[in-house]
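My questions will all concern the structure given below.
Bear in mind that the values in this text are calculations on the coordinates, not laboratory data. Computed from a predicted structure; not experimentally measured. Positions of Cβ are generated from backbone atoms using ideal geometry, with glycine treated the same way; all protein chains shown enter the neighbour counts.
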Amino acid sequence: MATATDLATDAQSALGLASDDATENLNNLTRVTDVFVKANTLANTSVEQLAVAFTTKAGTALKTVGKDVEEGASALAVFADQGIKGERAGTLLTNTIFGLTDVMKKAPAEAERLGIEIFNAEGEMKSFADISANLTDVLGGMTTEQQIATLSNLGFTKQAREGTLALLGQEEALREYEGELRNAGGTASEV
């Protein structure tokens, strides 16, 4: 129980959801645990693996780009369904997020030429589902070798390439998971 509490509160803090207000803090902690438990029921992952992923850089990276626990957990669930879990998933998601954002700084002209769109008109990072759909359109007709070469030429690191390729073709799963996780309230107490 102590480990579970530590992991949940650490994930809550990493996401920027810790609060000095006791009621708000409890509500945020309940939200995080409900999302973790719901993701556990939907995908091939455990609550502990999700918590470890969030506390291994992913929570802070998600907070940095304005992503919430539900969207982050949906991406980690998609990774988990491909065997990418726990600390490895947290590190991979972090590297993927920063690989996607860095490409718009490092190679904006090439990204535009290819039709890669990571940010919306307001300068906010698009949803992982929208990014997956866009990247699948851009890279989907290429061989794996061409996909890797294209991402490398854009400046993606090895781990950013791996995570990006794991998101290809996952638009529907990302939308489904995120939708289910947005309705996760009460899941922990039910289970």
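Which of Phe79, Phe119, Phe128 ends up with the largest GNM mean-square fluctuation for the chain, with Cα atoms connected below 10 Å?
Fluctuation is largest for Phe119.
OK, next. Work out, in µm²/s and without decimals, the Stokes-Einstein translational diffusion coefficient of the chain at 25 °C, 0.890 mPa s, Rh from Kirkwood over C-alpha pairs.
Reported coefficient: 146 µm²/s.
Run through every distinct alpha carbon pair of the stretch 128-167 and return the Kirkwood hydrodynamic radius in angstroms, one decimal place.
Answer for the stretch 128-167: a Kirkwood hydrodynamic radius of 10.1 Å.
Using +1 at the Cβ of each Lys and Arg and -1 at the Cβ of each Asp and Glu in the chain, identify which of Ile97, Val37, Asn183 lies farthest towards the dipole's positive end.
Ile97
Expressed as a rounded percentage, what relative contact order does the stretch 111-186 have, with Cα pairs under 8 Å and six or more residues apart?
35
Another question, if that's okay. Restricting to Cα atoms and excluding each atom paired with itself, what does the Kirkwood estimate give for the stretch 1-66 in Å?
Over the stretch 1-66, the inverse of the mean reciprocal pair distance is 11.9 Å.
For Lys85, list the aspartates and glutamates whose Cα falls under 13 Å from its own Cα; do not include residues on the same chain fewer than 8 positions away.
Leaving aside aspartates and glutamates fewer than 8 places away in the same chain, those within reach of Lys85 are Glu48.
Sticking with this structure for a sec: Can you give the helix-only mean residue ellipticity at 222 nm for the chain, where every DSSP H stretch with n ≥ 4 adds -39500 (n - 2.57) and the sum goes over all residues, rounded to the nearest 500 deg cm²/dmol?
Helix contribution divided over all residues of the chain: -21500 deg cm²/dmol.
Restricting things to alpha carbons, tell me how big the stretch 63-147 is in terms of Rg and Dmax, in Å.
13.3, 36
For Cα pairs less than 8 Å apart in space and 6+ apart in sequence, what is the mean separation divided by the residue count of the chain, i.e. the relative contact order in percent?
26
Return the sequence-ordered ³J(HN,Hα) values of the stretch 100-111 in whole Hz as given by the Karplus equation 6.51 cos²θ - 1.76 cosθ + 1.60 applied to θ = phi - 60°, using x for Gly and Pro.
Karplus-based 3J(HN,Hα) across the stretch 100-111 equals 5, 6, 5, 4, 6, 8, 7, 9, x, 5, 5, 4 Hz.
With a 10 Å radius around each residue's Cβ, average the other Cβ atoms per peptide and rank 87-98, 61-72, 171-182, highest first.
Ranking, from highest mean packing down: 87-98, 61-72, 171-182.
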